[in-house]
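**Student:** Would you mind keeping the following structure in view while I ask a few things?
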Amino acid sequence: MPAYKAPLRDIKFLMRDVLDYFPHYESLSNGADATPEMIDAILEGIASLGEQVLAPINLSGDKEGCHFDDGVVTTPAGFKEAYQEYVAGGWQGLSFPEEFGGQNLPTSINVIKAEVIGSANWSFAMYPGLSMGCINTILEYGSALQKKQFMAPLVSGEWSGTMCLTEPQCGTDLAQIKTKAELNESDDSYRLTGTKIFISAGEHDLAENIIHIVLARIPGAPKGIKGISLFIVPKVNIDGDGRMGERNAVHCGSIEHKMGIRASATSVLNFDGATGYLIGQENRGLEAMFTFMNTARIGTALQGVCHAEASFQGALAYAKDRQSMRALSGKKQPNCAADAIIWHPDVRRMLLTQRAIAEGGRAMIFHAAKIADKMFNATVEGDTQKQQAYDDELGFYTPILKGFITELGLESANLGIQIFGGHGYIHEHGMEQIARDARIATLYEGTTGIQSLDLLGRKVLLTNKGKSVRDFSKVMLSFAKPHLLSRGPIGSMARSLSKRAAEWNIMTLRIMLGASKNRELVGSASVDYLMYSGYVMMAYFWALQAEKSAALLESGEGEESTEFYTSKIQTAEFYFDRLLPRATAHKRAAVSSTKSLMQMDNEHFNFL
C-alpha cells in the first residue's frame, strides 16, 4: 500500500509565500494565536497522526469494512483507538470558540488539518468531518439552551454529528421530503417519524452519542421546500443540562455495501417517533441547512485534493522503482536491466497531471478557506453586510471547487492505477482503493451536474448576471498586467490568463443571451461551463505559485530550496501547456446549440 507523507513543504509554501496567511491571521479577531510557530506545531502534530496512526489502517479498514448486527455498527479494527487519539489531541475543536472547549483558531486551519487526515484515511476522516457542519449549524442557528446542551461534547469529539437530508424517494429534490415532525405540547419538543438514507457516519461505535441534524415537515407546513424545518435529534436523549439518558427512537436499519469508503458507515436511519428539537425558525430549515451543506461541499472538494495527493505519492514512488524497457533517448540506468518507468514521457505526463491537480487544487481551496475565515470573523463582529459579501464570494467558489476538483481528483486516482499497470488493479497495492474512494466525491453533496446548475443557473446568471465572473476576471487581469511584456514562463502565463479572462466573460454573456430565448441552454451548457471555469481558475493559482517561486529564486531567498521552486515553475508550465487547453474544448461545447442534445425522441434512445 502507498506510504503517505503529509505535504508540509507545499502547505507552508502556500500559507507563507503565496497566499499571505499570516498577515491575514493578524487581521482576524480569532487569529492572534495563529502564529507561524503555532501553525508549525499544529502541522507537525497532524502530520504525525495522519502518517503514523491513520494511514496504516486505511487499507485494512477498506478490506474489513464496517459490521452491522441488529442495528449496532462496529467500525474496523483500529478505528476506535485512532478516534480516541484524535479526540485526546483536541483536533476536533481547533476552530471553535473557547467557551465550548475549542481553541478559537481560524476556520482555515481546520481545512488544512482535514486535508492531512483525509489523504491519510478518507473513511476515517468522514466521522469527525460530518460533525463539523453539525457544530457550525448549531453555533449559528441554535438557541442558548441548545448550545449549552450540545456544543461542548461535539467540539471535544466526545459526540459526533450527521446531516440527514436524503430519503428513499428524494435526493437532491428536497421538496419531496416526507419525514414528519409533530409537536409535543408538553415540552415543545417534536416527534420525528420517517426514514433517511445515505447517512454518512449515521451509526458507529466511535462516540457515545450521535447528534443528527434532520430535515422534516411540520403538519400544515407549506408544500415544497418552503415548508421544511430543521431539527436536532440525538441518538441518546439528554436532559436540560446535557446529561445522557435513555436511547432515542432513532435506529439504524442497515448500512450500505459500497464501492468505496467502506470503513465509513453509510446508514439507513429510521425515526420512529424520535424526540427532536426545532433549530432555527419553523419552515426555514433549508436556510440553516445550507450552513451545513456549504461546509460539507468545501470538505468534499478537499477530497479531490486528498485522493490526487495520495495517488500521486503512491504512483511516484512506484515509477521511480519499477524498471521496464529503455528510455527512448537512450539508457538512463545502464547498470540495470531496464530504466525506471519515470523516464518514459507518458508516465511523466500522468505524474505531472497528478501533481498539477493536487497542488493546484490545494491552492484553490486554501484561498477559499481564507474567505471562510473572513466570513466567520464578520459574523462574530455582527457585520452583516460584510458577512453577506463574503458569503456571496464563497458561494461562487463552492460549486467550482466541489465539482471541478473532485472530477480531477478522480482522474488523478485513475492515473495512479494506470502508472502501476496490472499491479494497480490489485487490492494490496492500495491504488484501486483510492479510485474507489474517490468515485463518491463527484456524487454526494450534489453531483457535478447539480453543482454546475448551481454555478451557472443560480450563482452566475440569476443572482448577479455574471458579476462573479467579472470580479474574478479583474483579479486575473490585475495579476497578468505587470507581466504581459515579460519574457519567459511567467510572461507567457500572464498573456494566456488575460486572454482567458476575456473569453470567460464573453462566453458567459453569450450563454446568458442564448438562455433568454432557450432555457434548455443552461442545462446543456452547465457542466462544460463549470469545467471551463475550473481550468481557468486553477490556471490563475498556478501562475501565482510560479510567480512567487520565480521571485524567491531571483531574490536569493529561495536559494536553499532551489529545486522546490524550480519544480513549481515547471509544473505550472506543464499545466498551461497540457491541461489548460482542455478549457477550449469545454468552451466550444458549452456554447453549442441544444439541438443535437434534445432532438432525439425519448423512445429512440435504444431499439432493444
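**Student:** Every residue in the stretch 407-439 that is touching a Ser or Thr at 6+ places or on another chain (Cβ under 9 Å) and under 16 Å from Met259 (Cβ atoms), please.
**Tutor:** Gly409, Leu410, Ala413, Asn414, Ile417, Met431, Ile434, Ala435, Asp437, Ala438, listed by residue number.
**Student:** Here's something else I'd like to know. Please find, within the stretch 127-141, the residue that is farthest from the chain's Cα centre (by Cα) out of those that are among the aliphatic types (A, V, I, L, M) and surrounded by fewer than 24 Cβ atoms within 10 Å (Cβ to Cβ).
**Tutor:** Out of the qualifying residues, it is Leu139.
**Student:** Considering each of Arg510, Arg500 in turn, give the residue that is under 19 Å from Leu597 (Cβ atoms) and touching a residue at least 40 places away in the same chain (Cβ under 8 Å).
**Tutor:** When all the criteria are applied, what remains is Arg510.
**Student:** Quick one: in the stretch 142-197, of everything that is among the polar types (S, T, N, Q) and within 19 Å of Thr447 (Cβ to Cβ), which residue is surrounded by the fewest Cβ atoms within 10 Å (Cβ to Cβ)?
**Tutor:** Looking at the filtered set, the residue picked out is Gln169.
**Student:** Moving on to the next point. Name, by its number, the condition in (1) surrounded by 15 or more Cβ atoms within 10 Å (Cβ to Cβ); (2) closer than 30 Å to Phe68 by Cα that does not hold for Phe312.
**Tutor:** Status for Phe312: all satisfied but (2).
**Student:** I'd like to check something: does the stretch 552-562 contain any residue that is charged (D, E, K, R) and in contact (Cβ under 8 Å) with a residue 60 or more places away in the chain?
**Tutor:** No, the stretch 552-562 has no match at all.
**Student:** Find the helices (runs of 4 or more DSSP H) located wholly in the stretch 419-486 whose residues include 3 or more that are among the β-branched types (Val, Ile, Thr) and over 24 Å from Thr406 (Cα atoms), and list them.
**Tutor:** The helices (runs of 4 or more DSSP H) meeting that bar number zero.
**Student:** Please determine whether any residue of the stretch 30-45 is more than 21 Å from the chain's Cα centre (by Cα), acidic (Asp, Glu) and on the phi > 0 side of the Ramachandran plot.
**Tutor:** Checked against the condition, which is being more than 21 Å from the chain's Cα centre (by Cα), acidic (Asp, Glu) and on the phi > 0 side of the Ramachandran plot, the stretch 30-45 yields no hits at all.
**Student:** Take Leu94 and tell me if it is crowded, with 20+ Cβ neighbours inside 10 Å, modelled with pLDDT of 95 or more and aliphatic (A, V, I, L, M).
**Tutor:** So Leu94 passes the test.
The values are calculated or read from the model by the stated rules, or taken from the named source; none is laboratory data. Since the model is a prediction, treat every value here as computed from it, not as a measurement. Cβ: placed from backbone, ideal geometry, glycine included. Neighbour counts: every protein chain shown.
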